[in-house]
Amino acid sequence: MTRSPFARPLLAVLAAAPAVALGLAAPAALADQPHAWGLWTQEPASPIMDQIESLHNAISIIILLITLLVFGLMVYIFVRFNAKAHPVPSRTTHNTPIEVLWTAIPIVILVGIAFPSFRLLYAQDKLADAKVTLKVTGHQWYWSYAFPDEKVSFDANLVQDADLKSDQPRLLATDNPVELPINVGIRILVTADDVIHAWSVPALGVKTDAVPGRLNEIWTRIEREGTYYGQCSQLCGVNHGYMPIEVKGVTEAEFRAWLDKKKAGAKTSQAEGPALAQAEFQR
């Protein structure tokens with residue numbers, strides 16, 4: 001689905017109009033994470049998010065046109081058929097052409113929306129040529145990541161306010177970001193070990209439930225380097241708002257170097273673990 005180069009700016013201006021009128025307009029939102037007074041979607045960074053935004057833009061324009069049409073009809077009725085201009089009210093009870101129109105037109109609109117919606121749902125389903133598989137497990141209240149083919153796994157927790165660096169966004173940064181290669185098909189398997197969570201990264205067009213005992217599959221292809229943030233999107237308990245997602249899109253070479261570093265760290269931990277335990281026991 002091709003995005004119109006005019007749809008996003010036009011709709012952003014229309015959405016911003018009320019805020020501007022109230023003097024509350026904010027600076028333009030940056031990509032890859034939510035921002036204060038954000039008025040539109042994050043900048044797409046995957047083919048699926050491109051399609052999601054295109055469909056969203058198209059439906060928003062349809063909604064806007066319907067709203068203007070209904071508002072215009074209401075104004076016309078108020079002016080044309082008020083008691084002063086039309087003292088003798090009409091006693092018409094049925095109008096077959098109008099009834100056919102207000103039934104047929106919504107059907108045509110809904111069918112027109114349905115076809116691209118089904119196409120998008122199909123595109124989101126599965127990726128045949130995935131080169132990387134990432135398994136995501138939701139916990140109360142953090143995420144675990146694993147690359148089954150590489151025998152790499154780790155946990156990612158929220159960075160507390162006291163530990164935040166100047167370039168880390170509050171409630172979005174994690175102590176162990178997951179890195180993924182750009183321009184590569186990535187299969188993502190999502191599950192949970194306690195309650196239902198939802199793994200969601202808006203800029204990548206990714207959002208799926210993490211259900212205990214069930215393995216849900218989605219995919220993505222990151223189109224540009226950068227850091228992408230998300231959060232758990234399913235109410236999962238008292239700390240639901242404190243289990244962020246941080247994904248870094250990197251080159252394949254950087255991704256492989258990062259995996260090697262993770263593997264080396266895991267081997268070191270495995271080697272040191274028994275020795276530390278023995279030293280603690282002897283002490």
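For this structure, a couple of remarks:
- Computed from the C-alpha gyration tensor, the three semi-axes of the ellipsoid equivalent to region 166-234 are 21, 17, 9 Å, from longest to shortest.
- Length added when fully stretched, Ala162-Asp50, from 0.36 nm per residue minus Cα-Cα: 36.7 nm
- Among 166-172, 227-233, the order from most to least packed when residues are scored by Cβ within 10 Å on average: 227-233, 166-172
- Residue-wise HN-Hα couplings along region 119-127, as the Karplus relation 6.51 cos²θ - 1.76 cosθ + 1.60 with θ = phi - 60° gives them from phi, are 4, 5, 4, 5, 5, 6, 5, 9, 10 Hz; Gly and Pro carry x.
- Near Lys131: Cβ cut-off under 14 Å, other residues only, Lys/Arg at +1 and Asp/Glu at -1. The net charge is -1.
- Between Ile109 and Ala264, the FRET efficiency estimated from the beta carbon spacing at R0 = 41 angstrom works out to 0.10.
- Per residue, in Å², the accessible surface of region 27-84 once ligands and nucleic acids are set aside, probe 1.4 Å: 66 Å²
- Rg ratio (alpha-carbon, reference 2.2 N^0.38 Å) - region 92-240: 1.42
- Residues of region 151-194: accessible area per residue with a 1.4 Å probe, Å²: 49 Å²
- Amide H partners (placed H, <5 Å) of Asp193, local residues excluded: Gly138
- Theoretical gain in end-to-end length, Asn216 to Ala257 [0.36 nm per residue, Cα-Cα removed]: 11.9 nm
- Per residue, the accessible area of region 203-243 comes to 47 Å², computed with a 1.4 Å probe over protein heavy atoms only.
- Rounded to whole numbers, the Karplus 3J(HN,Hα) couplings from phi for region 46-59 are 8, x, 5, 5, 4, 5, 4, 5, 4, 5, 4, 5, 4, 5 Hz, using 6.51 cos²θ - 1.76 cosθ + 1.60 with θ = phi - 60°, and x at Gly and Pro.
- Just the protein heavy atoms count here, and of the accessible area of region 97-221 at 1.4 Å, carbon and sulfur take up 58 percent.
The values are calculated or read from the model by the stated rules, or taken from the named source; none is laboratory data. Bear in mind that the values here come from a model prediction, so they are computed numbers and not experimental data. Cβ coordinates were reconstructed from backbone atoms using ideal geometry, including for glycine residues, and neighbour counts include every protein chain displayed. When the accessible area is computed, the model is the full protein with side chains, heavy atoms only, and any ligands, DNA or RNA have been set aside. Shrake-Rupley method; radii C 1.70, N 1.55, O 1.52, S 1.80 Å.
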